[in-house]
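Everything below concerns the one structure shown next.
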Amino acid sequence: MSYLIEQTINGITLGGLYALIALGYTLVYGILLMINFAHAELFMIGGYVGLFWLKVLGDPAIAEKFPFLEPIQAFFANGTFGFAMLMVAVFALSAIVVGILGMIIERFAYRPLRHAPRLAPLISAIGVSIFLQNAILLWVSSKQLPYTRADGTAFVGTETAFTVAGVSVSTMQIFIIGTSLLLMFALDTFVSRTRMGRAMRATSQDRDAAGLMGVDINYVIALTFFIGPALGAVAGIFNGMYYGSVKYNMGFIPGIKAFTAAVIGGIGNLRGAMLGGFLLGIVESLASGFISNAYRDVIAFIVLVLVLIFRPGGLLGEAVAEKV
């Protein structure tokens, strides 16, 4: 029983990462009916940007080279409050940087193709994905970078937060699950309760009609390309912290899994992306723990096939009537 609980907690943690990435896919698809395959690379870049800010704001070895950082690092090293502010600063700065990168990509790679055949922006997205991955490979490093300070210590400890039925739950797992749920709830509230969220939903339903009603379509789409990559950046930082390193090609597998989660939940549906992410994470973890780690991906995609057979629109997707 304790092993089942342990694997379930691991699955929920993994599912939180998948759900954050899946929200980026489903946001863009809901607005533009386009799959942004470059989103996986923005998740990867988020991990690198997060590592950069963690070292600048929390690694004493960097302060030795740049003394003006010493008082800033001293503030963030001041107990629990300082650590909390460090995390807030790192996640906020990384989300802003990657979100702006997402807007730049939309402006120059996707917007000129907005009225082109749907295959054109898809190919453009694949091209952007290849460019970003090779840019990190050539300009940053081809090696795996540890998510630690220069002395090898982790930025976030892995000590036990509490124990449930004999199963230890680490502070990192609580951090990932809690932050993921908070961000997903905030996004759902933003889209469903605010004026800008209403504009996003109107653009999703009928872009031309929304424009005629005074909605700034370009602004709404740019905001969508800011929010999705920003959430992906948060997931990238969590991925680096949880697994202890980042690498230039680390976005491929989580990106495919997150896209699978979005499809399972009902692509274009925010709550469906959340459900699909957590469901896929739990299924993978249980399959890895009780069957074999080698079959975890096979079982995950079997679940996808079964969902598409019995619910082609996804678990929370709407059935679309065929027009004659």
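Odds and ends about this structure:
- Any chance R296 is surrounded by 13 or more Cβ atoms within 10 Å (Cβ to Cβ), in contact with an Asp or Glu (Cβ under 9 Å, 6 or more places away or on another chain) and free of Cβ contacts under 8 Å to residues at least 60 places away in the same chain: yes
- Condition check for I267: among the hydrophobic types (A, V, I, L, M, F, W, C) and outside any helix (DSSP H, G or I): yes
- Matching entry among A161, A165 (being surrounded by fewer than 12 Cβ atoms within 10 Å (Cβ to Cβ), touching a helix residue (DSSP H, G or I) at 6+ places or on another chain (Cβ under 6 Å) and at pLDDT below 90): A165
- Taking first residues from region 277-289 that are buried (at least 23 other Cβ atoms within 10 Å of the Cβ) and partners that are β-branched (V, I, T), the Cβ contacts under 7 Å between residues at least 6 apart in sequence or on separate chains come to F278/I12; L280/T260; L280/I264; G281/I12.
- The set of residues in region 126-145 that are within 21 Å of Y110 (Cβ to Cβ), of a type in the set (A, V, I, L, M, F, W, C) and in contact (Cβ under 8 Å) with a residue 60 or more places away in the chain comprises I126, V128, L132, I136.
- Residue count for region 51-65, restricted to those that are under 15 Å from F83 (Cβ atoms) and surrounded by 16 or more Cβ atoms within 10 Å (Cβ to Cβ): 5
- Of the residues making up region 115-140, just one is part of a loop (DSSP other than H, G, I, E, B) and either closer than 18 Å to N239 by Cα or among the β-branched types (V, I, T) (or both), namely V140.
- In region 197-223, the qualifying residues are those that are in a helix (DSSP H, G or I) and among the β-branched types (V, I, T), and the one that is nearest to the chain's Cα centre (by Cα) is I221.
- Selection of region 280-310 for residues being more than 18 Å from A258 (Cα to Cα) and of a type in the set (S, T, N, Q) yields S292, N293.
- Residue in region 198-205 that is without any contact (Cβ under 8 Å) to a residue 60 or more places away in the chain, within 25 Å of L4 (Cβ to Cβ) and surrounded by 11 or more Cβ atoms within 10 Å (Cβ to Cβ) present: no
- Restricting attention to region 88-139, the residues that are within 19 Å of A40 (Cβ to Cβ), more than 18 Å from the chain's Cα centre (by Cα) and small (G, A, S) total 4.
- Some residue of region 151-160 being farther than 30 Å from I9 by Cα and in a helix (DSSP H, G or I): no
The values are calculated or read from the model by the stated rules, or taken from the named source; none is laboratory data. Owing to the predicted nature of the structure, the values given are computational and were not obtained by experimental measurement. Here Cβ is always computed from backbone atoms with ideal geometry, including for glycine, and neighbour counts include all displayed protein chains.
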